[in-house]
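K.L.:
Okay, handing you the structure first.
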Amino acid sequence: LKRKRMLFLGLCLANELLDAPVPEEISKEMRNDPLVRKFTLQVTGTIFGERTMKHQVLSSFIFRLNTRETMRDKLYFCLGRFVLPDPLDFGFLRLPPSLFFCYFLLRPIRLVARYFPNAIKKLAPAERV
């Protein structure tokens, strides 16, 4: 996986926030990537409260997606976020080892229920009086 942009972002933040030295050759290469500067401004703006994130989860996801350099890396990132189970999935519903594969089906459902609860309500049949 290509991680140069993420490395440059980390180095740029370390340089700006902590005055960490960055070799001139690397510094020059960082300046040639306009997205590194853009992402650095986003992060510092968020850290110091200059920017607010109304939809923090979505903003964070988009930011992390955009730091990926290739379409392949972006696809792997999305698959990892939406399909691969994490500890919250395991805690949400305890399944025996023989049903472990169900966590891959459960994750997208749990994410929709968590982040789009109104969509679930619209799918549920209306109560009759």
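The values are calculated or read from the model by the stated rules, or taken from the named source; none is laboratory data. The shown structure was predicted, so the numbers you read here are calculated from the model rather than taken from an experiment. As a convention, Cβ positions derive from the backbone with ideal geometry for all residues, glycine included, and neighbour counts pool all protein chains shown.
K.L.:
Within the range 14-36, which residues are surrounded by 11 or more Cβ atoms within 10 Å (Cβ to Cβ) and within 25 Å of Tyr76 (Cα to Cα)?
P.N.:
Selection gives Met30, Asp33, Leu35, Val36.
K.L.:
Within the range 94-104, track down each residue that is within 26 Å of the chain's Cα centre (by Cα) and surrounded by 12 or more Cβ atoms within 10 Å (Cβ to Cβ).
P.N.:
Cys102, Tyr103, Phe104
K.L.:
Just to be sure I understand the filter: pairs with C-beta atoms under 7 Å, separated by 6 or more residues or on different chains, first member in the range 47-72 and surrounded by 10 or more Cβ atoms within 10 Å (Cβ to Cβ), second member modelled with pLDDT under 90 and not in a helix (DSSP H, G or I). Which pairs pass?
P.N.:
Ser59/Met53; Glu69/Lys2; Thr70/Lys2
K.L.:
Output the residue which, of all residues in the range 103-129 that are outside any helix (DSSP H, G or I) and either of a type in the set (Gly, Ala, Ser) or under 18 Å from Val57 (Cα atoms) (or both), is modelled with the lowest pLDDT.
P.N.:
Here the answer is Ala126.
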